[in-house]
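The values are calculated or read from the model by the stated rules, or taken from the named source; none is laboratory data. Since the model is a prediction, treat every value here as computed from it, not as a measurement. Using ideal geometry, Cβ is built from the backbone for each residue, glycine included, and neighbour counts are taken over all protein chains shown.
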Amino acid sequence: MALATAAAHQRAEATYRPQANRIGLWLFLISESFLFSAFISSRYVIAGTDQPEGLNQNLALGLTVLLLVSSISAYLGEAAIAADDRKGSMRYLSITVVLGLVFLVGVGFEFDEAVTHFPIGTVYGSVFFTLIGLHAFHVLTGILALAVVLNLTRIGHYGPEDHWPIEGAVKYWHFVDVAWVIIYPTLYLVGGS
Amino acid sequence: MTTEASTDKSALLSTYKRRQQLGWYVALGLLILTILEFIVSTSLESPLLWLTPFIVAKGALILEYFMHFSDLYNSEEH
């Protein structure tokens, strides 16, 4: 009996070790940042700071603000579950998912417009579509992760002491936001007026 | 017991309110930096160097306040 209890305790400890999980997630995010760094630096190596005509600056600024707003809603979703506010957490996580989807639709419009100005085969086009596509893929996976934890929250999982999956998904979402903070000026602003 | 539980609840609520307030301040800071960054880029011919502080500041704000980077080395739990 005592052995079974000890084994169960050990299993529970192994599956819920927030600090170890956090370190694991940070290592994963650091490895992801190398990938983004490689693609971001390729923009400067291949195209310098040249910027073609036809970039939709207003749409890009709008998408940036949208992603920043989604970051605050994700943050509030995590803060809400930590305060045992399940409904609040679900509300904020849902808002984040919706904003993420709107962001992807915006990227779709941007792709459609950009391809007419600098096709994929051009120097800037190859950098632009690869970088935006890589980021959009991460947004999509972030949305999926948030949707999974949102559903688990809905059916009663997680509480103030046990919400690592929400924290992990939200941290990943913030990472996607940090990546955009660098990608946005790299693709849209460094060319100047 | 009931008093203890209600104290816990009110402590959670107070932390929640503080975190909410901090979150909105950070979001406002990010928004202001983004607008300034846009203005700088549209008013200079070669703004790369001038944009760098904005990128660093925005990234640092998100890393520290939204991703709680310093918790990694401040937390007592291992």
Which pairs do you get when a residue that is more than 16 Å from B:H68 (Cα to Cα), found in the stretch A:23-34, comes within reach of a residue that is acidic (D, E) and outside any helix (DSSP H, G or I), reach meaning Cβ atoms under 9 angstrom, with the pair 6+ apart or on two chains?
none
Please list, ordered by first then second residue, the pairs with beta carbon atoms under 8 Å, 6 or more apart or interchain, first in the stretch A:83-99 and on the phi > 0 side of the Ramachandran plot, second at pLDDT below 95 and of a type in the set (K, R).
A:D84/B:K9
Would you mind stating whether B:A60 is free of Cβ contacts under 8 Å to residues at least 60 places away in the same chain, closer than 24 Å to A:S37 by Cα, among the small types (G, A, S) and more than 8 Å from chain A (Cβ to nearest Cβ)?
yes
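To keep it simple, each residue is scored yes or no on (1) assigned to a helix (DSSP H, G or I); (2) over 30 Å from B:N74 (Cβ atoms); (3) not aromatic (F, W, Y).
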{"residue": "A:Q51", "(1), (2), (3)": "no, yes, yes"}
{"residue": "A:S73", "(1), (2), (3)": "yes, no, yes"}
{"residue": "A:I81", "(1), (2), (3)": "yes, no, yes"}
{"residue": "A:L101", "(1), (2), (3)": "yes, yes, yes"}
Sort out which residues of the stretch A:155-184 are out of contact with any Ser or Thr (no Cβ under 8 Å at 6 or more places or on another chain) and acidic (D, E), and write them in order of number.
A:E161, A:D162, A:E167
If only one of A:L152, A:L67, A:L63, A:L146 is within 15 Å of the chain's Cα centre (by Cα) and either of a type in the set (D, E, K, R) or away from chain B (no Cβ under 13 Å) (or both), which one is it?
A:L146
A:L146 fails exactly one of the following numbered conditions: (1) buried (at least 22 other Cβ atoms within 10 Å of the Cβ); (2) within 23 Å of B:V56 (Cα to Cα); (3) not aromatic (F, W, Y). What is the number of that condition?
(2)
Given the criteria more than 7 Å from chain A (Cβ to nearest Cβ), more than 23 Å from A:I30 (Cβ to Cβ) and among the aromatic types (F, W, Y), does B:Y16 qualify?
no
Pair list, Cβ < 6 Å and 6+ apart or interchain, from the stretch A:145-163 residues that are within 15 Å of A:D85 (Cα to Cα) to residues that are of a type in the set (D, E, K, R)
A:P160/A:D84
So for the stretch A:156-172 (the condition being of a type outside the set (V, I, T) and within 16 Å of A:L35 (Cβ to Cβ)), does at least one residue qualify?
yes
Can you go through A:G142, A:G156 and tell me which one is modelled with pLDDT under 95 and either farther than 11 Å from A:T96 by Cβ or part of a helix (DSSP H, G or I) (or both)?
A:G156
Report yes if A:A38 is within 15 Å of the chain's Cα centre (by Cα), surrounded by fewer than 21 Cβ atoms within 10 Å (Cβ to Cβ) and away from chain B (no Cβ under 14 Å), otherwise no.
no
Failed condition for A:V139, given (1) more than 20 Å from A:V181 (Cβ to Cβ); (2) in contact with a Phe, Trp or Tyr (Cβ under 7 Å, 6 or more places away or on another chain); (3) in contact (Cβ under 8 Å) with a residue 12 or more places away in the chain:
(1)
Restricting the stretch B:34-45 to residues that are at the interface with chain A (Cβ under 7 Å from one of its Cβ atoms) and surrounded by 13 or more Cβ atoms within 10 Å (Cβ to Cβ), the one farthest from A:G24 (Cα to Cα) turns out to be B:L44
